[in-house]
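The values are calculated or read from the model by the stated rules, or taken from the named source; none is laboratory data. Worth saying up front: this structure is predicted, and the values here are computed from it rather than measured. A quick note on method: Cβ atoms are made from the backbone with ideal geometry, for glycine too, and the neighbour counts reach across all protein chains shown. The area values use the complete protein model at the heavy-atom level, side chains included, leaving out ligands, DNA and RNA. Shrake-Rupley method; radii C 1.70, N 1.55, O 1.52, S 1.80 Å.
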Amino acid sequence: QVQLVESGGGLVQAGGSLRLSCAASGSTFSINAIGWYRQAPGKQRELVAVITSAGSTIYADSVKGRFTISRDNAKNTVDLQMNSLKPEDTAVYYCNAATLKEGYWGQGTQVTVSS
């Protein structure tokens, strides 16, 4: 079992920055990759960024150049630095941990970008 807790969401003006953090606990040794997803009202949940246990990263085209995902293996945390935020980035952001057997989700954190 893996438990995930997100933090760092909030309200920010367009052009501003926020840093989200995902803290993992439990069977963290079994995690292959941790990703950030988001879901806006009325829309499907979508991938934002993923970082693998080897350190490889993948970003959605909509956030490339603005968002950076990073991990601290000693602290079992994965952060998402979000710069140049746009109103269309407004969503609930979820952390996901993928193992060979299943995926685990955090409770989500709200990010609101005002224009």
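A few comments on the model shown:
- 10 Å Cβ shell holding at most 16 others, DSSP loop, trypsin sites (Lys or Arg not before Pro): longest site-free stretch of the chain: 1-42
- For Lys64, a cut-off of 18 angstrom between C-alpha atoms picks up these lysines, skipping any fewer than 8 places away in its own chain: Lys86.
- Averaging the sequence gap over all C-alpha pairs within less than 8 Å and six or more residues apart, then dividing by the number of residues, gives region 1-105 a relative contact order of 35 percent.
- Glu102 accessible area, assembled protein chains, probe 1.4 Å, Å²: 90 Å²
- Overall Cα dimensions of region 69-115, principal axis frame, Å, largest first: 40, 22, 14
- Kirkwood Rh (inverse of mean 1/r, distinct Cα pairs), the chain, angstrom: 14.0 Å
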